[in-house]
1. From the list SER71, SER133, SER96, SER78, exactly one residue is under 23 Å from ALA174 (Cα atoms) and either in contact with a Cys (Cβ under 7 Å, 6 or more places away or on another chain) or of a type in the set (Gly, Ala, Ser) (or both). Which is it?
2. I'd like the full set of residues that are farther than 18 Å from ASP100 by Cα and either in contact with a Lys or Arg (Cβ under 7 Å, 6 or more places away or on another chain) or among the acidic types (Asp, Glu) (or both), limited to the range 160-189.
3. Restricting to the range 160-202, what's the tally of residues that are assigned to a loop (DSSP other than H, G, I, E, B), touching a residue at least 12 places away in the same chain (Cβ under 8 Å) and of a type in the set (Gly, Ala, Ser)?
Amino acid sequence: MPSPLPATSARADEPARGPARLGTARRDKHAAILNAATRVFARHGFFNAQVADVAREAGVAAGTVYLYFRSKDDLLASLFERTMREAIDQGHAALSGVTDPVERLTAIARLHLDRLGRDRDLAVVFQVELRQSTKHMEQFSSTLLREYLGILRAVIAEGQAAGVFRADIKATTAAKVLFGALDEMATNWMLSRRRYALAADADAVIDLLLGGLRAPVASAARRTPPRQAPGAAGAAGEIGTASRRGKDSRNRRSSKS
């Protein structure tokens, strides 16, 4: 039976951020401004964008943005927080009732890629803009991203305990490897000129993670022997013929004597 996954946590001394404390109308405005910020940051880049650009995209006055967010940095942090909380909540929901470790890991991988694959602007912000500042990366990595990685780690640890996954690899290391692979697939999709379903890559990532690059034993046994270098067969034949001729000559001399 899968163990409980890490619960979403918040520090007691921090005020709630985001729409949880807002009324319905204010929640809608809050969401509209964040959606506008996503498009603006993706289009112009975080550092080149202005709060006025976000306000214009959202169809509100610039002063209205400051009723919901303290600064442009706060907009980016709120965007990250909203997306990660959605990812964590959806991850818990997707794992509910699923007991097979491989299926649980695959479900998380599909969710990860599907979320970014449905919103190219969000992918640009997450894969590029959030990483332009060491301050932002340190801030975000120490909170919700760590919790998200905790979900991956818990699923892997459960699979190890069940004997499905190797137990000689640290679950934390495996979780980071999986996250890194999914992260690179998302970046490649974002930069590619081809248009394809990003979530379709999830199964291949999981298969590679679990099976590695080593060919199955049965397949290796059926492999064709290595080909000889050009001329090798002919040379071997000539050596064999010369050896037989030498042996026949020795036999004739022996019989004459």
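1. Going through SER71, SER133, SER96, SER78 in turn, the sole match is SER96.
2. Here is the first cut: in the range 160-189, the ones farther than 18 Å from ASP100 by Cα are 168-170, 172-173, 176-177, 179-189.
Of everything in the range 160-189, those that are farther than 18 Å from ASP100 by Cα and either in contact with a Lys or Arg (Cβ under 7 Å, 6 or more places away or on another chain) or among the acidic types (Asp, Glu) (or both) turn out to be ASP168, THR172, ASP183, GLU184.
3. 2
Values in this text are rule-based calculations from the coordinates and carry no lab data. Predicted model, so just to flag it, every value in this text is computed and none were measured. Here Cβ is always computed from backbone atoms with ideal geometry, including for glycine, and neighbour counts include all displayed protein chains.
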